[in-house]
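Step one of this worksheet: look at the structure below.
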Amino acid sequence: MTQEPFPGVFVVEAETEMVGVRHLNYGILRGKPGERSVLIDCGFPAGLDPSGAETLRRAFQELRLSPAELDVLITHGHKDHLGQAQELERLGACIFVNPEDMDQSAILNTLLMGDEGRRMLFRLVGLETYDRETYEAFWSAADGFVEGYRNIWDFPYTPIHPGESRTVGDYCLEVAALPGHTRGELGFFDRKHK
């Protein structure tokens, strides 16, 4: 379902096929004729969440947007926020990410991909002191976490940093640091249109 809460600002609600995540929202700001439009975050990888990817594809059709005319602003480096970045970049979109968050997310998630890295990460967070059953439950959960996500952080992107801004349509999006959920998480806001 696509709604337009403000002129040129669209919220696309997508039902997902992901366990524990019933739906997610895509934010789209339409550029003026000849300008690029903006997508904020791009959901899970299409191979793992075909219905979410299809909802986004239909929204692009409905709004007459092409990935080649799109800037994708990633709020943080988690798989449910950048999962379709590789494909969108392949189709011509420009991807923007805070490199501090991208580096941290790629490192942590890569650690979960291999046995030795996973053991090291589990030691760092104290899981080695848990009983065997709990440790194995975390190991199993990590297996599920990485399934289908190998290399999703491998795409070209343009760094974006707090304090920068970009104009799209009638909006001037300022980039703000929102550390907490991740160290380099970003938010985007327009002072004039609150």
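The table below gives the values:
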read-out	value
Matching residues in segment 163-178 - criterion: being open to solvent by less than 30 Å² (accessible area, probe 1.4 Å) and either of a type in the set (A, V, I, L, M) or without any contact (Cβ under 8 Å) to a residue 24 or more places away in the chain (or both)	V168, L173, V175, A176
Sole residue being of a type outside the set (K, R), at pLDDT below 95 and buried (at least 19 other Cβ atoms within 10 Å of the Cβ), chosen from D41, D71, D49	D49
Residue in segment 77-95 that is modelled with pLDDT under 75, open to solvent by less than 20 Å² (accessible area, probe 1.4 Å) and on the phi < 0 side of the Ramachandran plot present	no
Residue count, segment 1-58 (criterion: closer than 27 Å to R166 by Cα, in a loop (DSSP other than H, G, I, E, B) and of a type in the set (G, A, S))	4
Filtered residue count, segment 179-194, keeping only those that are open to solvent by 40 Å² or more (accessible area, probe 1.4 Å) and assigned to a loop (DSSP other than H, G, I, E, B)	8
Only listed residue being at negative phi, modelled with pLDDT of 95 or more and among the charged types (D, E, K, R), chosen from E147, E133, E174	E174
Residues (touching a residue at least 40 places away in the same chain (Cβ under 8 Å), out of contact with any Phe, Trp or Tyr (no Cβ under 8 Å at 6 or more places or on another chain) and more than 26 Å from P162 (Cβ to Cβ)) located in segment 59-86	E62
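The values are calculated or read from the model by the stated rules, or taken from the named source; none is laboratory data. This one's a predicted model, so the numbers in the text were calculated from it and none came from an experiment. Glycine gets a Cβ as well: all are built from the backbone with ideal geometry, and neighbour counts include every protein chain shown. What goes into the accessible areas is simple: the full protein's heavy atoms, side chains included, and nothing from ligands, DNA or RNA. Shrake-Rupley method; radii C 1.70, N 1.55, O 1.52, S 1.80 Å.
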